[in-house]
Amino acid sequence: MSLLAIFSLFFNLSLATNTIYNVQNFGAKSNGKIDSTKAFLSAWEAACASTSASTIYVPRGNYLIRNIYFNGQTCKSNAITIRIDGTLLAPYDYNVIGNEGSWIKFEKVNGVSIYGGIFDGQGASLWACKNSNKNCPKGTTALAFYNSNNIVMNGVTVQNSQMFHILVDGCHNAMIQGVKVLSPGNSSLNTDGIHVQSSSGVSIMNSNIGTGDDCISIGPGNSNLWIEGIACGPGHGISLINRSYKNACSKSRYLCSIGSLGWESQEQGVQNVTVKMVTFTNTENGVRVKTWARPSNGFVRNVLFQHIVMTNVQNPIIIDQNYCPNHEICPNQGSGVKISDVTYEDIHGTSATEIAVKLDCSKTNPCSGITLEDVNLRYKNGRAEVSCVNAGGRASGFEELSRCL
């Protein structure tokens, strides 16, 4: 038998064992006006009960969905594909789902893959409510995965979420690729593009993220994260933040950050994180690590920021271990979070402020093993400045960096 014949045989067998569940066959309406929540749940229950691979198909059109919960605990199938050609719409009235935590929530699923589609949280009216200091709901995360394994999101667009756009919490092995997160730069606080916490083996690749808060935020309890090929802006940075989703109302506003770590005295750390080939354009911050100025056993270690381009970024490289807003709760205290073995390599571009590298480490637990190699950031027509406090390590490049560490 030829190779072509073998391939054709296996392809046809895979089609035969993959059952397709079209949400319209379960009563979903594509006019964007009639609630299709029950139809989507019915399609999920059918796919979940299947003992073989199955696909939930969402045809073109607009589908109004209230908050919906996909529970995989009793699923027989470990291979459910959700293929979306249409747009899922949250209710325009933010009060309908504004206190539900998540708009579309997956929990305890294994082997779920989402391909394509637009998830529109229609959050603009809630942002306006919050910006006017009125009494408003907290808001919901648009698309959330909790305690799940082997997740794929590919070609998905999530836009205008009331709060976080995508949340990965307590998951193992998740691939997020080719996604778009679209919200204006003046949208509400906590509209992070992608927030990851208490997870391992998460990859975020080849994606475009623009929002009113962090493009990607990395909370406590994460390990083995790979972030590559990201275009960020507008936004507030890639941040490592030891601040959980549950406490998101106190989070910082940065684009790709590890931040607000160390809120709890007993807190899981962050380790083995790679962020590479990222462009930051007109963002408030670039790569940032932020911790509370209070005792904690948390840590940040083995982090690589590599091959990064900054364009008019206010704070391109920043470690802030003295975070204590309004000098409340933690005045005159030092951060217990230990930051070690963080490397910044091949980072070029322009800073919107004179100080482009600010390493403000803990007075009680100084940073160690900080490495800066081939870092070249300019401010206006000259080289940008560097500021270091309680930071140890080595640097190569311009003289200010070498004197800093």
Next on the checklist: Please determine whether any residue of segment 232-240 is open to solvent by 10 Å² or more (accessible area, probe 1.4 Å), touching a residue at least 24 places away in the same chain (Cβ under 8 Å) and either out of contact with any Asp or Glu (no Cβ under 7 Å at 6 or more places or on another chain) or part of a strand (DSSP E or B) (or both).
Outcome noted: yes
Checklist entry - What is the residue count in segment 302-337 for residues that are surrounded by 17 or more Cβ atoms within 10 Å (Cβ to Cβ) and of a type in the set (D, E, K, R)? => result 1
Checklist entry - Under the condition of being among the β-branched types (Val, Ile, Thr) and closer than 20 Å to THR364 by Cβ, which residue from segment 310-345 is modelled with the lowest pLDDT? => result ILE329
Checklist entry - Quick check: anything in segment 198-216 touching a Pro at 6+ places or on another chain (Cβ under 9 Å), within 22 Å of GLU267 (Cβ to Cβ) and open to solvent by 10 Å² or more (accessible area, probe 1.4 Å)? => result yes
Next on the checklist: Within segment 131-200, considering only strands (runs of 3 or more DSSP E) that don't extend past its boundaries, which have at least 1 residues that are charged (D, E, K, R) and within 21 Å of THR281 (Cα to Cα)?
Outcome noted: 180-182
Checklist outcome for this item: Among strands (runs of 3 or more DSSP E) entirely inside segment 73-123, those with 1 or more residues being open to solvent by 10 Å² or more (accessible area, probe 1.4 Å) and of a type in the set (Lys, Arg) are 80-84, 102-107
Item to check | Any chance VAL342 is over 25 Å from the mean Cα position of the chain (by Cα), β-branched (Val, Ile, Thr) and part of a strand (DSSP E or B) | outcome: no
Checklist entry - Residue check: is SER387 within 24 Å of the chain's Cα centre (by Cα), in a strand (DSSP E or B) and among the small types (Gly, Ala, Ser)? => result no
Next on the checklist: Return the residues of segment 146-180 that are polar (S, T, N, Q) and more than 16 Å from SER207 (Cα to Cα); say none if nothing qualifies.
Outcome noted: ASN147, SER148, ASN149, ASN150, ASN160, SER161, GLN162, ASN173
Checklist entry - Can you name the residue in segment 361-384 that is touching a residue at least 24 places away in the same chain (Cβ under 8 Å), assigned to a loop (DSSP other than H, G, I, E, B) and not small (Gly, Ala, Ser) and is also surrounded by the fewest Cβ atoms within 10 Å (Cβ to Cβ) among such residues? => result THR364
Item to check | Pair list, Cβ < 8 Å and 6+ apart or interchain, from segment 283-298 residues that are acidic (Asp, Glu) to residues that are modelled with pLDDT under 90 | outcome: GLU284/ARG253; GLU284/TYR254; GLU284/LEU255
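For every residue, the table says whether it meets (1) touching a Gly at 6+ places or on another chain (Cβ under 6 Å); (2) assigned to a loop (DSSP other than H, G, I, E, B); (3) hydroxyl-bearing (Ser, Thr, Tyr); (4) at pLDDT below 95.
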| residue | (1), (2), (3), (4) |
| --- | --- |
| ALA5 | no, no, no, yes |
| PHE10 | no, no, no, yes |
| SER14 | no, no, yes, yes |
| ILE20 | no, no, no, no |
| GLU45 | no, no, no, no |
| ILE56 | no, no, no, no |
| TYR69 | no, no, yes, no |
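The values are calculated or read from the model by the stated rules, or taken from the named source; none is laboratory data. Nothing here was measured: the structure is a model prediction, and the numbers come from that model. So basically every Cβ, Gly included, is an ideal-geometry build from the backbone, and we count neighbours across all protein chains shown. Heavy atoms of the whole protein, side chains included, go into the accessibility calculation; ligands, DNA and RNA do not. Shrake-Rupley method; radii C 1.70, N 1.55, O 1.52, S 1.80 Å.
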